[in-house]
Amino acid sequence: MEPTTIEELGEIIAAQPRIAPFGRGSKTALAYGGEGAVRISSAGLSGVIEYQPEEFVFTALAGTPVAQVERILTEQGQYLPFDPLLVEAGATLGGTVAAGLSGPGRYRYGGVRDSLLGIRFFDGRGNLVRSGGKVVKN
């Protein structure tokens with residue numbers, strides 16, 4: 001299944017007893033949901049929604065390829081500090097955050113999860129969970 005809206009994703013999750021999340025196939029060994037699991041792809045939930053280069057903040061959907069984010073940031077002389085892995089293999093933001101995959105930049109700048117200001121995700125029952133926000137406090 002490949003939902004194209006956040007609402008549709010929540011409905012699918014709520015209706016399934018077991019799911020196996022899947023993005024663009026860069027971490028398939030981590031996506032096993034057990035027998036009978038419905039495979040749900042985040043590929044239809046892709047795109048950078050907002051980008052404020054002066055604030056070093058962007059908002060993007062889980063299925064957004066990390067390579068796309070890196071291209072956008074590079075245009076402004078910026079980069080992702082945690083050295084995301086598997087970019088060439090099609091890694092998505094959602095998969096990178098969920099797997100906690102950070103490259104060698106983690107030792108200097110922290111891991112991928114240290115860079116999050118806010119996040120929205122669905123729990124196993126299809127409830128939308130919100131944490132954090134866009135505000136950076138000094």
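Across S131, S41, the residue with the most accessible area heads the list, and the full order at a 1.4 Å probe is S131, S41. Each principal axis of the Cα atoms in the stretch 38-78 has its own extent, and those three values, largest first, are 41, 16, 10 angstrom. Helical content of the chain, expressed as a calculated mean residue ellipticity at 222 nm, amounts to -6000 deg cm²/dmol (DSSP H runs of 4 or more residues, -39,500 (n - 2.57) each, divided by residue number, nearest 500). Taking the 1.4 Å solvent-accessible surface of the chain as the whole, the part contributed by carbon and sulfur is 52%. Across every direction, the projection of the convex hull enclosing the Cα atoms of the chain has a mean area of 8.6 nm². Report the calculated FRET efficiency for Y79 and E55 (r = Cβ-Cβ distance, R0 = 25 Å), to the nearest 0.05. FRET efficiency, Y79 to E55: 0.95. Residues in the chain average 63 Å² of solvent-accessible surface per residue, probe 1.4 Å, ligands and nucleic acids excluded. DSSP bridge analysis restricted to the stretch 1-92 gives an antiparallel fraction near 55%, rounded to the nearest 5. Within the assembled protein chains, the solvent-accessible surface assigned to R71 is about 140 Å², based on a 1.4 Å probe.
Divided by 2.2 N^0.38 Å, where N counts the residues, the Cα radius of gyration of the stretch 75-138 comes to 1.26.
The values are calculated or read from the model by the stated rules, or taken from the named source; none is laboratory data. If you're wondering where the values come from, they're calculated on a predicted model, not measured in any experiment. Glycine gets a Cβ as well: all are built from the backbone with ideal geometry, and neighbour counts include every protein chain shown. Accessible surface is based on the protein model in full, side chains and every heavy atom, while ligands, DNA and RNA are left aside. Shrake-Rupley method; radii C 1.70, N 1.55, O 1.52, S 1.80 Å.
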